[in-house]
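Single-structure report; data block below.
The values are calculated or read from the model by the stated rules, or taken from the named source; none is laboratory data. Bear in mind the structure is a predicted one, so any value in this text is a computation, not a measurement. Neighbour counts are summed over all protein chains in view; Cβ atoms, including those assigned to glycine, are modelled from backbone coordinates with ideal geometry.
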């Protein structure tokens, strides 16, 4: 399935036709992952990778989604008291999000994030929250602009309940 993006872009699952060699977000680990591991992870169903493709066929950005969980005890007490007492809650992990450095400053990171939100909401598999691992202070500030909440016991791991994400699309 291909999703329409802003004029000149589309979002689709990573495939053989996508040129991964010319993509560069400026973060070595994200670039290496995309070039060498993303295809394998998709084929082995470890993570789904979605790419933002420009009209010229170049990859402008990508993100990955996979299943994860959050320990109930790690949630803020105000949320914890509203939930069943399961030790772990199902969640969706956006493990990676990157925009080609030549295309920064055009809202493409937000476009990718909201596409990931939309795909997660459409899933028929239950997920309490959307989880991200911010790689640095800049990434953490990006996610916090969208009301992500830091999990204190998990470094730079942040989450946003899917109920709040659903409200964004209402």
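The figures follow:
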item: Conditions (1) part of a strand (DSSP E or B); (2) touching a helix residue (DSSP H, G or I) at 6+ places or on another chain (Cβ under 8 Å); (3) over 22 Å from residue 125 (Cα atoms); number of the one not met by residue 64; result: (3)
item: Verdict on residue 52 being modelled with pLDDT of 95 or more, buried (at least 19 other Cβ atoms within 10 Å of the Cβ), in contact with a helix residue (DSSP H, G or I) (Cβ under 8 Å, 6 or more places away or on another chain) and within 23 Å of residue 161 (Cα to Cα); result: no
item: Test set (1) free of Cβ contacts under 8 Å to residues at least 60 places away in the same chain; (2) under 22 Å from residue 10 (Cβ atoms); (3) within 14 Å of the chain's Cα centre (by Cα) - residue 98 fails condition number; result: (1)
item: Matching residues, the range 103-125, being touching a helix residue (DSSP H, G or I) at 6+ places or on another chain (Cβ under 9 Å) and either closer than 19 Å to residue 30 by Cβ or at pLDDT below 95 (or both); result: 109, 110, 113
item: Residue that is farthest from the chain's Cα centre (by Cα), among those in the range 107-124 that are farther than 17 Å from residue 164 by Cα and touching a residue at least 12 places away in the same chain (Cβ under 8 Å); result: 107
item: Residue satisfying all of: in the range 137-170; in contact (Cβ under 8 Å) with a residue 12 or more places away in the chain and within 18 Å of residue 27 (Cα to Cα); surrounded by the fewest Cβ atoms within 10 Å (Cβ to Cβ) among these; result: 156
item: Selection within the range 60-97 - over 17 Å from residue 158 (Cβ atoms) and crowded, with 22+ Cβ neighbours inside 10 Å; result: 60, 61, 62
item: Residue within the range 128-146 that is at positive phi and over 13 Å from the mean Cα position of the chain (by Cα) present; result: no
item: Residue count, the range 134-170 (criterion: in a helix (DSSP H, G or I), touching a strand residue (DSSP E or B) at 6+ places or on another chain (Cβ under 7 Å) and under 15 Å from residue 68 (Cβ atoms)); result: 1
item: Pair list, Cβ < 8 Å and 6+ apart or interchain, from the range 28-45 residues that are farther than 15 Å from residue 15 by Cα to residues that are surrounded by fewer than 17 Cβ atoms within 10 Å (Cβ to Cβ); result: 29/135; 30/135; 31/24
item: Top-ranked residue in the range 98-133 [being farther than 25 Å from residue 155 by Cβ and touching a strand residue (DSSP E or B) at 6+ places or on another chain (Cβ under 6 Å); ranked as surrounded by the fewest Cβ atoms within 10 Å (Cβ to Cβ)]; result: 126
